[in-house]
Structures are given as structure tokens and as C-alpha cells.
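Beneath this line is the structure, given in C-alpha cells, with notes to follow.
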Amino acid sequence: MGAREFETYLLKEKKMAANTVEAYKRDVYGFAEFVKQRGIEAPEEAANAEVVAYLMLLKQEGKAKATVNRKLASIRTWFGFLMEQGLVNQNPAVNIKSPKIERKEVVYLTQEEIERLMTTPDNTPKGIRDKAILELMYATGIRASELISLELDEVNVRMGFVTCMGDHVKARIIPIGRIGRKALEAYLEPYRSELLERKPEERALFVNYVGNPITRQGLWKILKEYGEKAQLSQSLTPQVLRNSFAVHMLQNGADLKSLQELLGHEDISATQIYLSVTKNRIKDVYDRTHPRA
């Protein structure tokens, strides 16, 4: 199946992140196992009927539409790779429509809730670190994976920006803002140094009590703790903070293209989901203020 060549193709040509590449490889292997059970030893010999049958099986197994869509995209990309290599003449997955996914409601905090959240950390070393985490996530809208992978040399507190690699090769520069800079400065000296007493060589920006980079699970635990303390209207997650960043930027006049770049979306359609929130707000304002509304 040319697994190594396909992996290189995804990394170099498609500029996919390593975890996305692994997911695509698993998807293709799953499809290969399926067609093998149908008597087709070489998966590249599969036709449109096999791809449709595989998607039907996934649906019967109760797989989420987003999962089915990704698996279809993986198979389509793999056959596209084979065509470029001259190993097949057509892509049997190219004309199959992806299942429509109902857009979930954008869950975000009000600006008042953000203010309340930021007052919950105390002045202990842990509290000062956690406040820096909360302020940085809200100031930049970065993903959980991006936050926990941030290193010291990717943060310029004096100039007020972070360099974020994100899910793709192209880096993006994101401003931190005055309040975020202040929270980071308070954390970096002297509290980060104190946490790194056992591992002074560690380069991760945010570390735990033993000097190791905080984990995804650790981050979720931190957010849950402060979300409950602030008595928010919904559970606090990295995505809720990211959504809050995006919605508040639009509400205060940011243009969609700039927001797309800040969030690191490849496709602007991913950014447009936040427009529904601002449209509802505009309608509410109109209904309250126009004399003939």
C-alpha cells in the first residue's frame, strides 16, 4: 500500500499534522481490512461500490457523521495519492457526498463571565500559573494542544506576542494583549523558576509541580476547577475559551479574515460559524432599539 510514501505525501504535500496523518493511515488500514473481507486482497482495486458499502457499515455501527466524513476524506486522499503515483486510473471515492453535519451551537462565555473567571485564581504559585494560562487562552484563542506545546522561545512577553505552530507547518503570530502580558510576567518570574527547581533545563512554558510540561488532562482539570469556582453557565473547556475569544472579537469589530488568521483556520468556512452568534446579537439589538421593530 506504500504506507511510508503515503505518510510522506500527507506530511510534505498536504502539510498535515502528525496526529492527522496517523488518523488517515488508520482509516485507510480499516478500509483495507473491510475490502479484504469482501474478497479483494489489494485495496487499490476497490471500486465505488466498496467505498459506499464501507460508509454504510460505519453508519450502521453508529459512527458519528464527523468520523464518517474523516474516513471518507482519508480514503479519497489515499486514492488521489495512488492516482498521482500512476497506480490507479480513477478515484472511486471522489464523487461520494459526505454526510451533512448539523452545526452545533457555539458555546461561549459572556464578557462578564470572563471577568468573573479571571478573578478566581489566588496568589499562590499555582494560582498565578493558572491565571496566566486562562489569560493567555482567552487573549489568543489558541487550542489546548497549542498551549501545552508552547515553549519559552515562542513567547515574546516584551513585544507581546506568541508564535504558534498549530496543526500545520505555517506558523502564525498572535498578539497577547496588555492583561495577558501582565499575567505571563507574574508567572515567569519567579514562580516558573520555582516550579523548575528539579528540572531547570525544561523549555515548556507551562509546567507542573515536578517541572514537567502540563498535560492535556492537567489542563482540562485546571479549567474545570476554575469554571466551577466562577459558577459559569456551562462547563469550562479549551474550546469554550477559544469560542469566547472569537465571538468577542467579532462583537467588538474584528473582520472575519483577520479572525481566521488568528485562529489558524485553513478554510474560512470554519470561522464563519461564529457569524451566527453575532447575527443573533444584531437582531436582538435591532429588536430592542428600532422604533418599528
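The values are calculated or read from the model by the stated rules, or taken from the named source; none is laboratory data. Note that the structure is predicted; figures quoted are calculated from it, not measured. Note that each Cβ is placed from the backbone with ideal geometry, even for glycine, and that neighbours are counted across all protein chains shown. Only protein heavy atoms, including side chains, enter the accessible area calculation; ligands, DNA and RNA are left aside. Shrake-Rupley method; radii C 1.70, N 1.55, O 1.52, S 1.80 Å.
Observations on the structure shown:
- Among (1) open to solvent by 20 Å² or more (accessible area, probe 1.4 Å); (2) of a type outside the set (D, E, K, R); (3) touching a Gly at 6+ places or on another chain (Cβ under 8 Å); (4) modelled with pLDDT of 95 or more, the one test that Leu241 misses: (1)
- Across segment 5-22, the qualifying residues are those that are more than 10 Å from Thr77 (Cβ to Cβ) and surrounded by 14 or more Cβ atoms within 10 Å (Cβ to Cβ), and the one among them that is modelled with the highest pLDDT is Glu7.
Rundown of residues vs (1) at pLDDT 90 or above; (2) surrounded by fewer than 15 Cβ atoms within 10 Å (Cβ to Cβ), yes/no style:
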site	(1), (2)
Leu72	yes, no
Glu84	yes, yes
Glu105	no, yes
Thr119	yes, yes
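- Any hit, segment 93-100, residues being in contact (Cβ under 8 Å) with a residue 40 or more places away in the chain, open to solvent by 60 Å² or more (accessible area, probe 1.4 Å), under 17 Å from Pro43 (Cα atoms) and outside any helix (DSSP H, G or I): no
- The set of residues in segment 153-189 being aliphatic (A, V, I, L, M), touching a strand residue (DSSP E or B) at 6+ places or on another chain (Cβ under 8 Å) and either part of a helix (DSSP H, G or I) or touching a residue at least 24 places away in the same chain (Cβ under 8 Å) (or both) consists of Val155, Val162, Ile174, Ile176, Leu184.
- Answer residue from segment 198-226, given it is part of a loop (DSSP other than H, G, I, E, B) and open to solvent by less than 30 Å² (accessible area, probe 1.4 Å) and is modelled with the lowest pLDDT among those: Gly211
- Within segment 1-28, being over 25 Å from the mean Cα position of the chain (by Cα) and assigned to a helix (DSSP H, G or I) holds for Ala3, Arg4, Glu5.
- None of Val157, Val162 is touching an Asp or Glu at 6+ places or on another chain (Cβ under 8 Å) and farther than 24 Å from Thr124 by Cα except Val162.
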